[in-house]
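Rule-based calculations on the coordinates, nothing more; no lab input. Nothing here was measured: the structure is a model prediction, and the numbers come from that model. Reconstructed Cβ throughout: ideal geometry from the backbone, glycine too, with neighbour counts over all protein chains shown.
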Amino acid sequence: MPGIPARDNDVSFFSREYPLENMAIEESASAEWAREKRNSFSPEYRAFAEEHQHHMEPIVEWVRNSGNLEPTAIPTGEDVTELIRQKARELGYGEVGFTYSDRHYVYQSRKPAMKGGLPHAICVALEQDYYKTQTIPSMLGEETHFGTYFNQGGLTMELTDFIRSLGYRAKAHRFVVSDAVRVMNRIKSVFRSRGIPVSGKAVYSESGRTGWVKRLPADARPAAEILYVELDALSALRERAQRELIVAARRHRAFRIVSSCPGLGPIRTAEMLPIVVTPYRFANKRDFWGYCGLGIVTRSSSDWVRTRNGQWIKAPVQQTRGLTRTFNRTLKRVFKGAAMTVIGRADETEPLFQHYTKLLDGGTKPNLAKLTLARQIASIALSLWRNEEEYNPKKLAKAVSSVGA
């Protein structure tokens, strides 16, 4: 600060000029002497220390190589800070902080093992049992001291796996589903290219495949058989990806709340959570609609008209120009699918379906009524997540009827 003299020794503290070293190395002589004394006076401590060392060796080895662990997929680019914080809290960490990674604050002996390309650092603190720490010197105090290191090793491994899996399982599931759909379309295209009409799902069933393949010319049958083999493999992968996706999503505390929204269910909720991350990203429901591709555009580049005097003025009449073209396609598919689920169930007791039928009875076009329903579901999901409250049709009946485009 201005007026305060800068001392080089203070500035270089925790820097390369005065590295902060691990206590086990800097005070190694004292630590070795104390260890020998404890081992000679307490055989119980010696057995405990040897067991602790045996358990910690694989954890230390994992920590050394953890920088080489690759993520399971390409990151989505979304901010997952709060998700990581929530997961760390669930694991039992009392304090969780995020900062930029600075080599000046790393023990000198550990700098060579630092992995490059990791600009951020996550700082976590695990609380020790205060009562047990006050009994030192005692075995009770040693157990809580060394036990904290042992427990934190496993928790760190779990937190690391969680960070690597954020959004990745959702992406893997989405990729497998799209691949399976692509193969199914190719199977139908093989038949249609030979003038064989095909519709529905009967062509994919294992029992009816032989009959369908026999309808093809001999030279086209191998292609169909290969595609069927590919479809079987992708179907098994699809089921596995779906199971792993739901297991990963259930760890999120908002999963139960958001999945209670009509039409969403576990799969759509699991796809939504890693993309939205937190409901507080959006100031209101309309911002969320735009992000989901459900926002209506009321502007264009051709709103200017020429007057009689030859001047150009902006037309005062606003007309809708369709939906926004910059949006997250996964979220749009999620909420459009949720709307179709609500319509397909046709539950007369569901306020959302009641509102949908009222729109149709009032003369609203079916496509616009579906859009309104999708926007309502998106609004309800965002509100439930913010308020941490499960969907209650009786409580939200009036609110649902008032939510519209």
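Taking 0.36 nm per residue of sequence separation and subtracting the Cα-Cα distance, how much length would be gained by fully extending the chain between R194 and F327, in nm to one decimal?
44.0 nm
State which entries of K314/K370; K370/K394; K201/K358 exceed 28 angstrom in Cα-Cα distance in the structure shown.
On the way: K314/K370 32 Å; K370/K394 22 Å; K201/K358 33 Å.
Going by Cα-Cα distance, K314/K370; K201/K358 fall outside the 28 Å limit.
Sorting W212, W304, W312 on the 10 Å Cβ count, fewest up front, what's the list?
Sorted ascending by nearby Cβ count, the order is W312, W304, W212.
Once label points are set 7 Å from the Cα along Cα→Cβ at both N392 and D232, what is their separation, rounded to one decimal in nm?
Result: 5.2 nm between the two label points.
To the nearest 0.05, what FRET efficiency results for A220 and E143 with a Förster distance of 51 Å applied to their C-beta separation?
According to the calculation, E is roughly 0.10.
Once you sort the root eigenvalues of the Cα gyration tensor of the range 169-249 as a ≥ b ≥ c, which label holds: rounded (a/c under 1.5), prolate (a/b larger than b/c) or oblate (the other case)?
Prolate is the answer for the range 169-249, as a/c is 1.5 or above and a/b outweighs b/c.
Express in nm, to one decimal, how much length is gained between R46 and T160 on full extension, taking 0.36 nm for each residue of separation and deducting their alpha carbon distance.
37.8 nm
At 0.36 nm per residue, minus the direct Cα-Cα distance, what do F98 and T298 gain on full extension? Give it in nm, one decimal, please. Working shown, then result.
On the way: separation 200, 0.36 × 200 = 72.00 nm, distance 4.08 nm.
Length gained between F98 and T298: 67.9 nm.
Among Y291, Y130, what is the fewest-to-most ranking by other Cβ atoms within 10 Å? Don't jump to the answer; show the numbers that get you there.
Working: Y291 20, Y130 8.
With the fewest neighbours first, Y291, Y130 line up as Y130, Y291.
How many nm separate the modelled label positions at L360 and N284, each set 7 Å beyond the Cα in the direction of the Cβ?
3.1
Considering only DSSP states other than H, G, I, E and B, which GluC sites (Glu not before Pro) in the range 178-238 qualify as loop sites with at most 16 other Cβ atoms within 10 Å?
Loop-located and lightly packed - E206.
Order of S205, S42 from fewest to most other C-beta atoms within 10 Å?
Numbers: S205 10, S42 16.
Going from sparsest to densest Cβ surroundings: S205, S42.
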